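Step one of this worksheet: look at the structure below.
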Amino acid sequence: MSQVSKLPFVDYSDPEYQENPFRWLADKARKLKLARSERGVEILDYQLCREFLIDRAFGTDHANLVEKMGLPDSRARDFKRRMLLTQNRGDTRKRIRNSLVQLIGPAQAGGLRRDIADVVSKLLDGISGSTINLKHDFADLVPAGVYCRWVDAPLSDARFVADSSEAVLAIFRRDPSLTKSIVAAYDRLFDYTKVQLEKRRADMGDDFLSRLIRIREAGGLSEYELEDFAVMLIEASTDNTAHQITIAVDRLTAMPDVWQAIGKDSSLAGAAVWETMRLWPRSISTSRVALIDTQLNGTPIPAGTTVFASFGAAHRQADIFQGPHRFDASRPQMPPHLNFGGGAFSCLGQFVANIEVEEAVAQLANRYPKMEVKKAEREYTPMFQIIPNLQVELEGR
Ligand code: HEM
């Protein structure tokens with residue numbers, strides 16, 4: 001029997017996981033640093049998660065995911081094989097990441113705040129009715145609207161962008177019954193971005209697609225990579241952020257003092273959002289595959305093993321975060337939360353995502369200090385926290 005199969009088993013189908021996932025994970029982590037589950041090895045310890053994220057013995061798990069999902073010959077499969085997520089460390093990964101850093105890296109993100117604030121404000125101006133589904137009617141449209149602004153597309157495209165991102169990210173549910181709809185969503189995205197690129201080529205400007213076309217013309221990207229890039233920007237930039245906005249509003253409105261304080265002073269939003277991402281991260285885990293025979297905390301891990309860093313567990317570790325279940329926005333930001341992963345595969349959109357969530361929260365709290373959640377549908381996969389429906393009364397209490 002392998003050492004991995006001797007690890008204690010954690011069962012995500014336990015109904016208590018759905019009831020209270022972060023307490024459930026914290027409870028496991030109090031007894032275990034390493035476990036196994038139906039999907040692979042689980043790292044539950046904060047320090048071990050951080051070491052793992054930068055460990056060169058582990059690489060991207062995305063190619064395995066594509067195989068598991070049985071993607072047929074299609075543009076989606078070609079895209080997945082070529083694109084950033086399936087590239088391990090090396091020149092291609094570096095080159096693609098660098099092109100993206102030029103658009104949305106830390107140096108650029110600050111300058112994007114004005115645009116983001118403006119998109120949020122326009123979306124709020126367009127809200128009608130006293131009760132809305134905050135996820136569908138607002139949060140989805142924030143990152144999707146920002147994408148439209150980036151590529152100089154009309155804000156009315158935001159619904160399509162948001163729905164497409166949600167449809168293709170369903171790949172992380174690891175459920176092959178969804179493969180057909182995922183491939184169809186990629187087809188729609190490729191058709192859409194092809195038209196956008198043609199428009200830009202006919203009328204170049206300073207938008208992201210024009211800038212990527214210039215990188216292509218200077219030899220920094222192939223034609224395929226240019227098209228892939230346009231699709232990847234939609235894929236990666238939208239659904240995670242929309243969910244994190246919804247999660248933040250769900251949790252922060254449950255603390256009226258905190259919500260109202262942010263509404264009066266928007267400079268409080270940054271720390272509140274940071275703490276929300278620690279306590280209720282959109283990314284409950286991220287995955288890697290062992291590239292060679294290696295070990296974790298003394299347990300031998302054979303090459304080919306899929307391993308997950310459980311941020312949900314690590315973020316509630318008492319010796320790292322004092323009073324780990326308590327919301328405390330005055331907590332020091334070090335050690336950091338892991339919601340955006342780490343190392344060579346870390347989230348490239350984290351600077352933009354932080355601003356989008358902060359702006360959405362600050363402007364909502366300012367306009368609607370009495371906002372109240374009336375109904376929430378919350379779902380927890382081992383990978384993600386999902387809120388498909390958050391009914392809020394805008395003028396609440
Ligand atoms: C709150 C919102 C977001 C969350 C929680 C999130 C989370 C993540 C996580 C966990 C990863 C994998 C990191 C790892 O395995 O170490 C990732 C990768 C990535 N994210 Fe995000 N993300 C968000 C928003 C965005 C945005 C707005 C963009 C783009 C504008 C973006 C672009 C990417 C890209 C391109 C990758 C792949 C990086 C690579 O493989 O090198 N993300 N994200």
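Take the chain, connect every pair of alpha-carbon atoms lying under 10 Å apart with a spring to form a Gaussian network, then pick out the residue of ARG149, ARG81, ARG326 with the largest mean-square fluctuation.
For the chain, modelled as a Gaussian network with Cα springs under 10 Å, the answer is ARG326.
Which of GLY126, GLY312, GLY270 moves most in a GNM of the chain, Cα contacts under 10 Å?
GLY126
Suppose R0 equals 35 Å. What FRET efficiency, 1/(1 + (r/R0)^6) with r the Cβ-Cβ distance, do SER267 and LEU178 give to the nearest 0.05?
On the way: r = 42 Å, r/R0 = 1.19.
With a Förster radius of 35 Å, E is 0.25.
What is the distance, in nm, between label points placed 7 Å from the Cα along the Cα-to-Cβ direction at LYS94 and at ASP319?
About 3.8 nm, to one decimal.
Tally Lys and Arg at +1 and Asp and Glu at -1 over the other residues with C-beta under 12 Å from the C-beta of GLN102: what net charge comes out?
In short, +4.
I need two numbers for region 242-337: Rg to one decimal and Dmax as a whole number, Cα atoms only, in Å.
Here Rg and the maximum Cα pair distance are 17.0, 54 Å.
Taking neighbour counts of Cβ atoms within 10 Å as a proxy for exposure, in what order, fewest first, do LYS80, LYS199 appear?
Starting with the residue having the fewest Cβ neighbours, the order is LYS199, LYS80.
Residue separation times 0.36 nm, minus the C-alpha to C-alpha distance between GLN108 and GLN333: what's the value?
In short, 78.8 nm is gained.
Got a sec? How would VAL4, VAL151, VAL249 order by Cβ neighbour count within 10 Å, fewest to most? Walk me through the numbers on the way to the answer.
Values: VAL4 17, VAL151 23, VAL249 27.
Exposure proxy ranking, most exposed first: VAL4, VAL151, VAL249.
Summing Lys, Arg as +1 and Asp, Glu as -1, what charge do residues with Cβ under 14 Å from the Cβ of ARG159 carry, ARG159 excluded? Numbers along the way, then the final one.
Numbers: positive: LYS135, ARG188; negative: ASP137, ASP140, ASP157, ASP163, GLU166, ASP239.
Taking every other residue near ARG159 into account, the sum is -4.
Where does each of VAL120, VAL231 land when they are ranked from fewest to most other beta-carbon atoms within 10 angstrom?
VAL231, VAL120
Taking the Cβ of GLU38 as the center, what net charge do the other residues with Cβ under 13 Å away carry, scoring Lys and Arg +1 and Asp and Glu -1? Before the final figure, lay out each step's value.
On the way: positive: ARG36, ARG39, LYS68, ARG174; negative: ASP11, ASP14, GLU42, ASP175.
Residues close to GLU38 contribute a combined charge of 0.
Please check: in the Gaussian network model of the chain (C-alpha springs, under 10 Å), which one of GLU358, GLU51, GLU166 has the largest mean-square fluctuation.
Comparing GLU358, GLU51, GLU166 in a Gaussian network model of the chain, the most mobile one is GLU51.
No lab work stands behind these numbers, since they all come straight from the coordinates. Keep in mind it's a predicted model, so treat the numbers as computed, not measured. As a convention, Cβ positions derive from the backbone with ideal geometry for all residues, glycine included, and neighbour counts pool all protein chains shown.
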